[in-house]
Amino acid sequence: MTDGKTCIGQALDGMRFPAPPSASYFDGAYSSMRESLLSKIGRDRLQYIIQTNATMITMYWNISNEIIRRQNENDGGASVSDRWR
């Protein structure tokens, strides 16, 4: 390591943890790989959020259609949701 720091924290029962190397320790390939991974994580996270929102919208749409269907079966005036309380 180039920064001279070899351990972090205090020793506990004789154990010490090595200090991470400074950013200048890594070459350009590491930086490129890191940026690529962070970009992929960001894209995947956005995709999961969109999928989750679409699934929830479909679920609420199905619930509302079921309520409307049952209300229509009960002469249109009976409130299905009032009976759930």
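The values are calculated or read from the model by the stated rules, or taken from the named source; none is laboratory data. In this text, all values refer to a predicted model and were calculated from it rather than measured experimentally. Cβ atoms come from the backbone with ideal geometry, glycine included; neighbour counts cover every protein chain shown.
Points worth noting:
- Filter result for the condition that a residue is among the hydroxyl-bearing types (Ser, Thr, Tyr), at pLDDT below 95 and touching an Asp or Glu at 6+ places or on another chain (Cβ under 8 Å), over 32, 22: 22
- The range 60-85, residues that are modelled with pLDDT of 60 or more and of a type in the set (A, V, I, L, M, F, W, C): 61, 63, 67, 68, 84
- Within the range 51-69, residues that are of a type outside the set (Gly, Ala, Ser) reach partners that are part of a helix (DSSP H, G or I) with beta carbons closer than 9 Å, at six or more positions or on different chains, in the pairs 66/80; 67/80; 67/81; 68/80.
- Residue list for the range 24-63, restricted to those being among the small types (Gly, Ala, Ser) and exposed (fewer than 10 other Cβ atoms within 10 Å of the Cβ): 24, 28, 29
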